[in-house]
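These notes concern the structure reproduced below.
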Amino acid sequence: MADQAEKLRELVSGRQGRGGAEAKRSTRIIAVSSGKGGVGKTNISINLALAYAQLGRRVIVMDADLGLANVNVVLGVIPRYNLYHLIRKQKTLPEILVDTSYGIQIIAGASGFSKIANLTDQERGDFIGELAALSNADIIIIDCAAGVSSNVISFVAAADDALIVTTPEPTAITDAYGIIKIIATEVENLDIGLKLIVNRVHSVVEGRRVAERVINIAGQFLNLKVDYLGFVYEDPVVHTSVVRQKPFLILEPKSKAAMCIRHLVGRLENMDYRDGRGIPVFLKKLFGAKG
Ligand SMILES: Nc1ncnc2c1ncn2[C@@H]1O[C@H](COP(=O)(O)OP(=O)(O)O)[C@@H](O)[C@H]1O
Ligand SMILES: [Mg+2]
């Protein structure tokens, strides 16, 4: 326990101390979640990652939707190792990072990784130490599971931004509100930017209407500010890209869906992002250690 707190303190303070004067931005950690499954989280995570990579950023996608290892499926890669091997200390972080032909790297999920809370202190401490190596990345996108498992909440709470994906379907909207409510009630001192993406819309107006519903309810009943990040059009290229195992940003860069993704990145870049959190703060929050 003491060890772990020590390690975290070192990491947290080390950022100012060690790094020297170079003005490297700290890593931006973006968690992507939803209330309902199948709303487009994985496709959005991967294509956002690619759009960032095309801007010259170093991007890692972490598949935290456990059970279904689907980031790698959409990218058409077969990882040999995953988070399980990292936690079991059979592999190091660089060894489990998977290169793709698109310039981004992924960390594959593992079903043994269902609850961060279930790790022993020793495992958790070692895991934190390994994850610190992620500081090399500019952007880390975490493709979280849908719904309210404890690990979604931990990731969302620890990230810089939480993107909540919904579709215009009433059930998806209700569940999006549901997860926002859980986040609002479970996370103390919530200081992340909660941002809504409406996927599979047929018009700009439809996206805005759906977003306003969620945002108004969250404001009214939870006193919580949720921003509308933007929408992604319903576009057959998404399905085709999944079948072809090639992200639509690459398969059809001029498609409506791809344009929407680039627009989302533009918005993310211009929205109120405060620099200066990065991996150390992420880890501290993820594991709830008292600095
Ligand atoms: N914008 C879209 N247009 C058309 N179909 C979509 C769109 N987004 C998602 N889909 C469909 O929904 C399926 C599930 O998407 P996925 O990203 O795997 O969802 P999740 O990760 O939330 O479970 C995709 O395989 C695709 O067929
Ligand atoms: Mg998914």
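The values are calculated or read from the model by the stated rules, or taken from the named source; none is laboratory data. Computed from a predicted model, the values in this text were never measured in an experiment. With ideal geometry, Cβ positions are generated from the backbone for all residues, glycine too; neighbour counts draw on all protein chains shown. When the accessible area is computed, the model is the full protein with side chains, heavy atoms only, and any ligands, DNA or RNA have been set aside. Shrake-Rupley method; radii C 1.70, N 1.55, O 1.52, S 1.80 Å.
Couplings 3J(HN,Hα) for segment 188-199, derived from phi with the Karplus relation 6.51 cos²θ - 1.76 cosθ + 1.60 (θ = phi - 60°), are 6, 6, 4, 10, 9, x, 8, 10, 9, 10, 9, 9 Hz, where x marks Gly and Pro.
Would you kindly state how much longer the chain becomes between Thr120 and Met271 on full extension, computed as 0.36 nm times their sequence separation minus their alpha carbon distance, in nm to one decimal?
That pair, Thr120 and Met271, stretches by 50.6 nm at full extension.
Among the listed pairs Lys181/Lys285; Lys181/Lys225; Lys41/Lys91; Lys89/Lys195, which are separated by more than 23 Å between their Cα atoms? Distance filter (> 23 Å) returns Lys41/Lys91; Lys89/Lys195.
For segment 152-291, with all protein chains in place and a probe radius of 1.4 Å, 52% of the accessible heavy-atom surface sits on carbon or sulfur.
Excluding Ile87 itself, what net charge comes from residues whose Cβ is under 10 Å from its Cβ, given Lys and Arg +1 and Asp and Glu -1? My count for the surroundings of Ile87 gives +1.
Here r is the Cβ-Cβ distance between Leu55 and Val77 and R0 is 22 Å; the resulting FRET efficiency, rounded to 0.05, is 0.50.
Sorted from longest to shortest, the spans of the Cα atoms of segment 171-225 along the three principal axes equal 37, 19, 18 Å. Averaged over its residues, segment 177-233 has an accessible area of 52 Å² per residue, based on protein heavy atoms and a 1.4 Å probe.
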